[in-house]
Amino acid sequence: MVRDLILGFVPDDWLHSLDYTTLEKVDGHYITEDLQGRADDIVWRVKVGGEWIYLYLLIEFQSSVDKYMALRMMVYVGLLYQDLIKSGSILADGRLPPVLPIVLYNGEKSWTAAADIFDLIPPVPGLVEQFKPHLKYLLIDENAYTESDLASLKNLVAAVFRIERPVSREAITNLITSLHEWLADRPDLRRMFAVWIRATLMRKTDYHAAIPEVNDLQELNIMLYERIESWAHEAHAKGMLAGMQQGRQEGRQEGMQQGEGVLLHRQLARRFGASPEAINAKLSHATVEQIELWGDRVLDAKTLDEVFRTH
């Protein structure tokens, strides 16, 4: 996850060139007492050029805007350097290893906090201005990325962002299918993602996702497919109600289209696995008649191309 965070969301060629097989978590015993409970989550180190010259990655997870985040990060970096000196983990020539402070933000409001502690201190006349401290952090803001930006990445952190801000129920099931494939050799991560995704969806009232406890992505996806059928019926019902209020035919068509589209998506996934983005786009803009035609072909087609052939 830390590797994918750097490769997918930190725009720096030199960082991307590092050997992330050397990545390891650093004990956080230097953190002040009030932050001790989260210390294990925030500091990682990676070798540079095959040598034990560490680049330390200091990661702070934030769900609300903290005006004084720059100060907090300066304190963290200072405590980290103190500990490295104490433990003898500095560079061979006595200098300190580089640190990249990262704030990963997933809150709803726009991030407005200063990114450099220098900007938290007002201008001072004369000599004092030269001695104001500087320390910047790198902000990675989930809100800055669109669904299309994230969908183009085979990246676990991008998957986390998409689950936290799902654009549709179909997108969730497609993403879970992709995660199951990406993590084919990591049953531990598949289990962790399944538990986390279920918990995340259970908290989202828009999805009304009463999902039984699961420990596997494939099992979770099957249960979500079953839920999608009921969501489709709900969409159909909502379309019918809207039709009664704003034109019966328009509402009926919208409800039928949503319901039929979700059902066809489920059938395609069971027959052929995760659908490409182009197919999902085709389904979202199709008429009821087109969806019914494709639904008839699913029964006998051997490939996706046969389902969507034009003649």
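All of the numbers you see were taken from the coordinates with simple rules; none came from a lab. Computed from a predicted model, the values in this text were never measured in an experiment. Cβ coordinates were reconstructed from backbone atoms using ideal geometry, including for glycine residues, and neighbour counts include every protein chain displayed.
Please get the size of the charge dipole for the stretch 54-152, origin at its Cα centre, with Cβ charges of +1 on Lys and Arg and -1 on Asp and Glu, quoted in debye to the nearest 20. List each step's numbers first, then the result.
Working: 7 positive and 12 negative charges, 92 e Å.
Value, rounded to 20: 440 debye.
Would you calculate the separation in nanometres between label points at Phe272 and Phe61, each defined as 7 Å from the Cα along the Cα-to-beta-carbon direction?
Distance between the two pseudo-spin positions: 3.7 nm.
Pop a pseudo-label 7 angstrom from the Cα along the beta-carbon direction at both Trp14 and Val124 and give the gap in nm to one decimal.
Placing both labels 7 Å along Cα→Cβ, they lie 3.0 nm apart.
Rank by packing, highest mean first: peptides 111-118, 191-198, with packing defined as the count of other Cβ atoms within 10 Å averaged across residues.
Put in order of decreasing packing, that is 191-198, 111-118.
Go through the stretch 110-115 residue by residue and turn each phi into a ³J(HN,Hα) via Karplus (6.51, -1.76, 1.60, θ = phi - 60°); whole Hz please, and just put x for glycine and proline.
Running phi through 6.51 cos²θ - 1.76 cosθ + 1.60 with θ = phi - 60° gives 5, 6, 10, 6, 5, 8 Hz.
I want to check the label-to-label distance for Phe131 and Thr287. Put each point 7 Å from Cα in the C-beta direction and report it in nm to one decimal.
7.8 nm
Which FRET efficiency value, to the nearest 0.05, is calculated for Thr21 and Ser87 with the Förster distance at 22 angstrom and r the Cβ-Cβ distance?
Result of the calculation: an efficiency of 0.40.
Give Lys282/Lys302; Lys47/Lys67; Lys86/Lys154; Lys47/Lys109 a once-over and call out the pairs whose C-alpha atoms are over 28 Å from each other.
Lys47/Lys67; Lys86/Lys154; Lys47/Lys109
What ranking, highest mean first, results for peptides 163-175, 79-91 when packing means the other Cβ atoms within 10 Å averaged over each residue?
With the highest mean Cβ count within 10 Å placed first, the list reads 163-175, 79-91.
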